[in-house]
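Some notes on the structure that comes next.
Derivation of every value follows stated rules applied to the coordinates shown; laboratory data play no part. Computed from a prediction, not measured in an experiment: that's the story for all the values here. Neighbour counts are summed over all protein chains in view; Cβ atoms, including those assigned to glycine, are modelled from backbone coordinates with ideal geometry.
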Amino acid sequence: MDTSRLQAETDDTGARPPAELAYDTEASFRMLVNGIEDYAIFMLDPTGCVATWNAGATKIKGYAAEEIIGRHFSVFYTDEANARAWPQYELEEAALHGRFEDEGWRVRKDGTTFWANVVITALHDASGALKGYAKVTRDLTERRRHSEALRQSEERFRLLLEGVEGYAIYMLDADGIITSWNTGASQITGYRRDEVLGRHFSLFHPVDDTSGEKADDVLRRARAEGRFEEEGWRQRKDGTLFWANVTTTAVYNETEELRGYAEITRDMSERKRLEELELANRRMSEFLATLGHELRNPLAPVRNAIGILQMDQDISPTVARCRDMIDRQLSHLARLVDDLLDIGRITSGKMELRLAEIDIRNVVERSIESSRFHLDAKHQRIAVDLPAEPLTVKGDMTRLVQVVHNLLHNASKFSPPDCTIAVSATKHTRSVVITVRDPGQGIPEHALDSIFQLFVQEDRTANPTESGLGIGLTLCRSLVHMHSGAISAASAGPGQGSTFTIRLPVAEPESRSLQASAAARPVSDTKRIIVLDDNRDSADSLAMLLELKGHQARALYSAEAALRLAPSFQPHVVFIDLAMPLMDGFEALRALKALPQLAGTAFIAMTGYGQEHDRRQTAEAGFDLHLVKPVDISQLGHIVDAAPHVSLPPK
């Protein structure tokens, strides 16, 4: 290494001369600027002509240095910008203020445009004279594209939210002040945008409402949990309340700073109304079941007493007439209770059908038999037209008999004495058609559909003594529909009689033959029976009735008494009331079935509750039969006769 030359080029301290150092610094800076490719950095002379050019300028603007140096920088501007002398304005502003910054469209060599950020800095010498300008240009086209896309997306999103109906969507700032408002919010709350912007959102919270979260609590929970959802009452502009589902979401920026809240409100008043209606229906169904139970309990001993009186042949004609009158009114009352309970089951969706293949001829015959009392009371006759061959449908025998019985009862009620009511059943293609025709008061044309609606009765004043609850035909229609059938009414008008027609689908033929499996079982004429009921009148009257029918019956009023008597008495049948104090009917059943002496005993539940789930509950508990109070006296003999035979052990 030539140290002598190095020493000659330095002073005594080893420092290089200032002129050389400045030259090296300028050269290094020029090299640095020339090498930058992401920024166009170049010099303009005082008139605006390009004096220097770097690699970034070539890359961004497309000109080589020899193509652009010496030309006026206005070549980079659009025709519109040049027409308004914008390049000259930029130089004047930079000269006046020392620096000028702008964003706008610029033109490349090939004529394409790009979005540029431009900074022009005025350069002065030591005396303050303007020597030219330094210009730095950045290509922000991509960033602008993203920014524009974001702006358009936000604009579309804003327009979408503002146009949404059915949802109140609005923004709150960090203090709960409303900053945006959409169409759905105006529809739901009644406030216009200009009426709510800048106001606190507690505006929608009823002042006296204590059912939900207060406004400040809502924001606090949204901050703590990120999102808070609640339902409660909100208030409209006109003061009316609506049930709302409200979701409040805390909104943060990229630095996790709380910017405000997004709130979405839905008017759930209709759903709330339906829920309350459903709850009311459920409560009504429960009330009807309880009412039926409470009504049936006192009906049971009355029914039993009537049965006892009917077996007494030595009573006077006056007492017999009173007995028959009580029996008729009792039957009417029991029927009203049954109809009420059935409507309650149907409206609550708890009615269940026990489907089997049945012959409609049997349905008609049983219906006529059950209606005989009403028909005979008015000396009315039944003209029956049934085919010789079976008319098989898949249905619930009890419910279909109930339908035809109701139609016959109505026909009798609204027809004059000594008339003939016609009942027929035929097969039409794939349907079985049942018709009930009467010569009674008829039905106006406008009422042919409405008479099937709940609690509707046509012309109550025409026959006030025969008025009911207006649920019989509603029940008929519901039961027929449950069998996938249809029911309709026809009449030529008032005084021209009526015709009710039921159509039921014919049962599909079974793949296997159906055989009757019930074999006759030897039974004893006299049965030992325990009637267990805490209602003494009910227990005593039923036991008395059974005694008159030739059985040994014991009325007991508590499960403890039954447990003491049963091992020695060994009953064939035990009637058990379910609603007893201390030990109810289910507990009594378990205790009695545990006795080895009662292994062959039949246990029959007695209750005022007769819904399907009540019957299922007693069957699952182990009862052999479920009877609804008041017990049908005409069936009582068959029930007892079918009970298993139990022999007393030898003494």
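Please give me the summed charge of the neighbours of residue 630: other residues whose Cβ is under 9 Å from its Cβ, Lys and Arg +1, Asp and Glu -1.
Values: positive: 296, 303, 629; negative: 632.
In short, +2.
If you take the square roots of the eigenvalues of the alpha-carbon gyration tensor of segment 356-505 and sort them as a ≥ b ≥ c, do you get rounded (a/c under 1.5), prolate (a/b over b/c) or oblate? Provide the component values of the computation, followed by the final result.
Details: a/c = 1.73, a/b = 1.38, b/c = 1.26.
Here segment 356-505 falls in the prolate category.
What dipole magnitude, in Debye to the nearest 20, does segment 175-285 give about its Cα centre under +1 on Lys/Arg Cβ and -1 on Asp/Glu Cβ?
320 debye
Just to confirm a number: summing +1 for Lys and Arg and -1 for Asp and Glu over residues other than residue 482 whose beta-carbon lies under 10 angstrom from that of residue 482, what do you get?
Numbers: positive: 399, 477; negative: 352, 396.
Result for the local shell: 0.
May I ask which of 527/549; 214/272; 61/135; 109/131; 378/413; 237/272 have a Cα-Cα span longer than 18 Å here?
214/272; 109/131; 237/272
With a/c under 1.5 counting as rounded, go ahead and sort segment 527-590 into rounded, prolate or oblate using the C-alpha gyration tensor (a ≥ b ≥ c being the square roots of the eigenvalues; past the cut-off, prolate if a/b is larger than b/c, else oblate).
Working: a/c = 2.20, a/b = 1.34, b/c = 1.65.
It comes out oblate by the Cα gyration axes.
Using alpha carbon centroids, what distance separates segment 544-570 and segment 165-207, in Å?
75 Å
Pulled fully out, how much extra length does the chain show between residue 365 and residue 145, if you take 0.36 nm times their separation in residues and subtract their Cα-Cα distance?
Additional length available on full extension: 70.5 nm.
Would you order 228, 373, 623 from fewest to most other beta-carbon atoms within 10 Å of each residue's own beta-carbon? Provide the component values of the computation, followed by the final result.
Working: 228 21, 373 14, 623 24.
Listing 228, 373, 623 from fewest to most nearby Cβ atoms yields 373, 228, 623.
Spin-label point model (7 Å from Cα, Cβ direction): what's the residue 279 to residue 548 distance in nm?
Result for the modelled spin labels: 5.0 nm.
Tell me, 436, 207 in order of fewest to most beta-carbon neighbours within 10 Å?
Ascending number of Cβ neighbours within 10 Å: 207, 436.
Neighbouring Cβ atoms within 10 Å as the yardstick, rank 322, 49 fewest first.
By the 10 Å Cβ count, ascending: 322, 49.
Quick one: net charge around residue 57, please, counting Lys, Arg +1 and Asp, Glu -1 for every other residue with C-beta under 10 Å from its C-beta.
+2
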